[in-house]
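Laboratory data are not the source of any read-out in this text; all were calculated from the coordinates shown. Predicted, not measured: the structure shown is a model, and the values here were computed from it. Because the Cβ atoms are built from the backbone with ideal geometry, glycine has one as well, and the counts that use them run over all protein chains shown.
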Amino acid sequence: MNNPGIQAIVRDPAGAVIGLDFDGTLAPIVPDPDAARAHPRAPAVLARLGRLVKAVVVVTGRPAAKAVAYGPGLADVPGLVVLGHYGFERWEAGRVSAPPPPPGVLQVEAELPLLLRELGVEGVVVEDKQRAVAVHTRRSPDPEGALAVLREPLARLAKAHGLVVEPGRMVLELRPPGMDKGQALALFLAERAARSVLFAGDDLGDLPAFAAVRASGLPGATVCSGSAEVSELAAQADLVVDGPEGVVALLEELAEAVSRS
């Protein structure tokens, strides 16, 4: 707890925003994305923090309501906000607000099955995320090889329909441009007039949020939920912990420190 950003949160919890990614940070990565569930101790520690800090916010590429559903108990976290689809969607107090899905997503979904057949990749899973489409290779006999085969064709497909490709841990996500986790977090910090911030993530899509913490000018801490699959995030993090178990343990330690202050 000797990180300056964490010390600022402990000194002034009423001004602190605790930001977290979902998959790989609050929930372990699993082969089937629909089987992901938040770490069993996550809802309790977030509920405790929610009563102590200015705000707890989950910033995820998932649909916001799905992240809440896959974290049993998260809906009961006081004041929780979930920014889904990288910030295009917002869940708060049981309600979801969002603009209509962009037409390019529906067009990509329609064209993907034929493209995947033509490329001959095996074991690929397509996830309909409503405002985005994710192509997972974790179940493939050669996940890295399948990812390499898919990278350029999916980039061309995304560009043809006005989308961008977001790379991740054995996944390529085709989504609308114009918003990322960094922008979403920065807007939220301004909205809440935050005085300090912690953000924890695990994947390349969390790099913009790390940058937003640094650019905010606030006392802040960036936390990497470490894995063998992604090294870039650890290199830019203030703290590296051992996956979701390490994230939850850090949050528990933080809640205890705030309670004692």
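Measure nothing fancy, just the Cα-based angle from helix 243-260's long axis to the longest principal axis of the chain, in degrees from 0 to 90, nearest 10.
With both axes taken from Cα atoms, the answer is about 20 degrees.
Suppose we take every Cα in the stretch 152-194 and form the convex hull; what volume per residue is that in Å³? Don't skip to the end; give the middle numbers.
Values: hull volume 2.9 nm³, N = 43.
Spread over its residues, the Cα hull of the stretch 152-194 gives 67 Å³ apiece.
Label the stretch 19-147 by shape, choosing from rounded, prolate and oblate, from the square roots a ≥ b ≥ c of the eigenvalues of the Cα gyration tensor; if a/c is under 1.5 it is rounded, and otherwise prolate applies when a/b is larger than b/c, oblate when it is not.
oblate
Report, in degrees rounded to the nearest 10, the 0 to 90 angle that the Cα long axis of helix 143-160 makes with the longest principal axis of the chain.
80
If I take all pairs of Cα atoms in the chain, what percentage of them are more than 27 Å from each other?
Counting every Cα pair in the chain, those more than 27 Å apart make up 34 percent.
Would you please classify the overall shape of the stretch 195-261 from the alpha carbon gyration tensor, given that a ≥ b ≥ c denote the square roots of the eigenvalues, rounded means a/c under 1.5, and beyond that prolate means a/b larger than b/c while oblate covers the rest?
It comes out oblate by the Cα gyration axes.
What list of ³J(HN,Hα) values in whole Hz, one per residue of the stretch 35-49 in order, does the Karplus curve 6.51 cos²θ - 1.76 cosθ + 1.60 (θ = phi - 60°) give from phi, with Gly and Pro shown as x?
Ordered by residue, 3J(HN,Hα) equals 9, 5, 9, 4, 3, x, 8, 5, x, 5, 6, 5, 5, 5, 5 Hz.
Grab the DSSP H runs of the chain that are 4 residues or longer, score each as -39,500 (n - 2.57), total them, divide by all residues and round the 222 nm result to the nearest 500 deg cm²/dmol.
For the chain, the value works out to -12000 deg cm²/dmol.
If only Cα atoms are counted, what is the Rg of the stretch 103-175, and what is its Dmax, in Å?
10.9, 33
5 Å is the cut-off here: which amide hydrogens, built 1.01 Å from N in the peptide plane, fall below it relative to Arg195, excluding neighbours closer than 5 in sequence?
Those qualifying (amide H under 5 Å, at least 5 residues apart or on another chain) are Ala16, Val17.
Sorted by mean Cβ packing within 10 Å, highest first, what order do the peptides 134-142, 23-31 take?
23-31, 134-142
Quick check: the angle from helix 103-119's long axis to the longest principal axis of the chain, C-alpha only, nearest 10 degrees?
The helix 103-119 is inclined about 60 degrees to the chain.
On a full-extension model of 0.36 nm per residue, what is the gain between Ser97 and Ala14, subtracting their alpha-carbon distance, rounded to one decimal in nm?
My answer for the length gained is 27.3 nm.
Taking the Cα centre of each part, how many Å lie between the stretch 93-167 and the stretch 205-229?
Cα centroid to Cα centroid, the span is 26 Å.
Separation between the Leu115 and Met1 pseudo-spin-labels, each 7 Å from Cα along Cα→Cβ, expressed in nm?
4.9
On a straight-distance basis, which lysines could pair with Lys181 in a cross-link, Cα separation under 20 angstrom, same-chain partners fewer than 8 positions away excluded?
Excluding near neighbours in sequence, the set is Lys54, Lys66, Lys129.
Between Ala42, Ala146, Ala110, find the one with the highest GNM mean-square fluctuation for the chain; connect C-alpha pairs within less than 10 Å.
Ala110
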